[in-house]
Structure formats: structure tokens, C-alpha cells
Amino acid sequence: MDNLEIVPDVEALAHAGAERFVALGKQAIRTHGRFSVVLSGGSTPRRLYSLLASAIFAGHIDWEHIFVFWGDERCVPPNHPDSNYRMAREALLDHVSLPAGNEYRMRGEIDPAQAAAEYEHALRIFGGGNIPRFDLILLGLGDDGHTASLFPDTAALTESRRWVVENYVDRLDVWRLTLTLPVINAAANVLFLVAGEGKAEIMRTVLRGPRDVYPAQFIRPTDGHVGWLVDAAASRLL
Ligand code: 6PG
């Protein structure tokens, strides 16, 4: 059973997420000298990111030894309003001293297949040729059960060989870039951040409904932990 923590609201969710980020970061740096974290896109994590950049956590995070990746990206330029990279830059990375070489951006502005191949190559180098075991992967949950850009009935969901793919999402008529299940399920820690009344139904379905129907239900690290940080509104039906 995944670890589920219910918090009152989005602010509490952000604080709880930031505290887990700090704790896992200290543990990873202490045990293997670096903290590799995969950021989620969407809107839910924005407050968490801005908290990590705030005075509350200043001095508690050793950015020199942190390596930042993205779980998915929209196929847009980095300064586009829809860019997950832009959101993380504005909320967090523009305000902390992460070394430039420690940031691995998915290049949404180039050909999707080329961007996916390029990112997978970067992961191969980072992992010394092996599939990277990220210390923490942050994920969101869409109301259709998608996570990262693993959408229902899309090719990325069944990809078992590649680590990063371009994924055409018919429902949105867009291309996305996304980590695949092999990489996500190699993680040491996965943390879902879910908030809002609009997620109550899908939360119940994903946690209490039939298994292996929705993409988020396929997140099962082979040797890692899955946590859920869910606010009261999104956990109303649990
Ligand atoms: C994205 C995300 C996606 C997101 C969910 C939830 O690029 O949009 O990675 O998986 O986490 O759609 O988004 P919200 O946090 O905005 O509800």
C-alpha cells in the first residue's frame, strides 16, 4: 500500500512536500554525495517550488549537490507560458544557486523525437550507462489518471525499452516529452502531489478502484517508495 498523507489545503501540501524534499535531499547527499530530483509540471507543485526558494528553507538545501530533471515537458519553447521548465525557473530555479551544469532541461522547442533521444542520452551519461535511480520523482495526477505525460491510450504508456519518449496526446492534439515507466519505476522515491476538488473522483478511482487501468496506477517502483500528498478536497471521496 502506498503511503498516503492527507493535508488540509494546497499550502499545507506545499510545506509537507518541501519538508520531504529537504529530508530526502539531505539523506541522498549524505549517503551517495548527490540528490537527483525530477520535477513535475502542471500547477500543483508551483507553491512547493516557491517555498523551496524561500527564506524558510534557505540554508537547508545544498544546491551544489542537487541535480534537477523534468518528468515531462510540453513541446513548446522554454519561455512559453505552458512550459514546465519556465514554471520551475520562475518559482524556484531563478532564486537558488543551482549550478548551471546540474540542470537538465527537456528541449521542448526542437523536434520531439530528437528532444527525447537527446534527453535519454543525458540520462545515460548521468547514470553511467545504467538506468538512473532518481532519489525523488515528483508527479502530479490529471483528472483522467495521467501522470507525467503518460496519458491513457497513448504509446508512451506501453513503452518498455526507451527511457524518454515523444508522445502524441490525441485528446489534447499536442506532442509531449515524458519519462517512461521503466525510468519512473526505477526511482527510490516517487511522490504524488494532488490537490483540489476536481481530483477527488480520480483519486478514489486510482487508489480504490480496479488496478492497472489508469496510468498513475502503473507507478510501482521495483525497489522504491510511493507517497501521496493529497489535500482534503482531493481526498474527500477516499
Ligand atoms: C504536465 C504534468 C502533468 C500534471 C498533471 C496535474 O505537464 O501537465 O506533468 O502530469 O502533473 O496534469 O496537473 P495540475 O497540477 O495542474 O493539476
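Details
- The spread of Cα positions in the chain, taken along each principal axis and listed from longest to shortest, comes to 42, 39, 36 Å.
- Label sites at Phe57 and Gln114, each approximated as a point 7 angstrom past Cα along Cα to Cβ, lie 3.5 nm apart.
- The modelled label-to-label distance between Asp173 and Arg124, using points 7 Å beyond Cα along the C-beta direction, is 3.6 nm.
- Rolling a 1.4 Å probe across all protein chains gives Arg105 an accessible area of roughly 60 Å².
- Local net charge near Glu103, Cβ-Cβ under 12 Å (Lys/Arg +1, Asp/Glu -1): +1
- Per residue solvent-accessible surface (Å²) - the chain, probe of 1.4 Å: 43
- Potential extension, Lys26-Asp9 segment - 0.36 nm per residue separation minus Cα distance: 3.5 nm
- Assigned charges on the beta-carbon of Lys, Arg, Asp, Glu; segment 3-231 dipole about Cα centre (debye): 560
- Relative contact order for segment 18-109: 32 percent, from Cα pairs under 8 Å spaced at least 6 residues apart, divided by residue count.
- Amide H within-cut-off set for Leu139, under 5 Å, with H built and near neighbours excluded: Leu191, Phe192, Leu193
- Segment 3-231: relative contact order in percent, alpha carbon pairs under 8 Å with at least 6 residues between: 24
- Ordering Lys26, Lys199 by accessible surface, largest first, gives Lys26, Lys199; the 1.4 Å probe counts only protein heavy atoms, with every chain in place.
- Accessible-area composition of the chain, carbon plus sulfur, in percent [1.4 Å probe]: 51
- DSSP-defined beta bridges in segment 3-231 - what % are antiparallel, rounded to 5: 30
- Take every pair of alpha-carbon atoms less than 8 Å apart whose residues are at least six positions apart; their mean separation over the length of segment 66-148 yields a relative contact order of 28 percent.
- Largest-first ordering by accessible area, 1.4 Å probe, given options Ile6, Ile110, Ile66, Ile125: Ile125, Ile6, Ile110, Ile66
- Using just its DSSP H runs of length 4 or more, each adding -39500 (n - 2.57), the chain gives a mean residue ellipticity at 222 nm of -8500 deg cm²/dmol after division by all residues.
The values are calculated or read from the model by the stated rules, or taken from the named source; none is laboratory data. Because the structure is a prediction, the values reported are computed rather than measured. Counting neighbours? That spans all protein chains shown, and the Cβs are built from the backbone with ideal geometry, glycine included. These area figures cover heavy atoms from the full protein model, side chains too; ligands, DNA and RNA do not enter into them. Shrake-Rupley method; radii C 1.70, N 1.55, O 1.52, S 1.80 Å.
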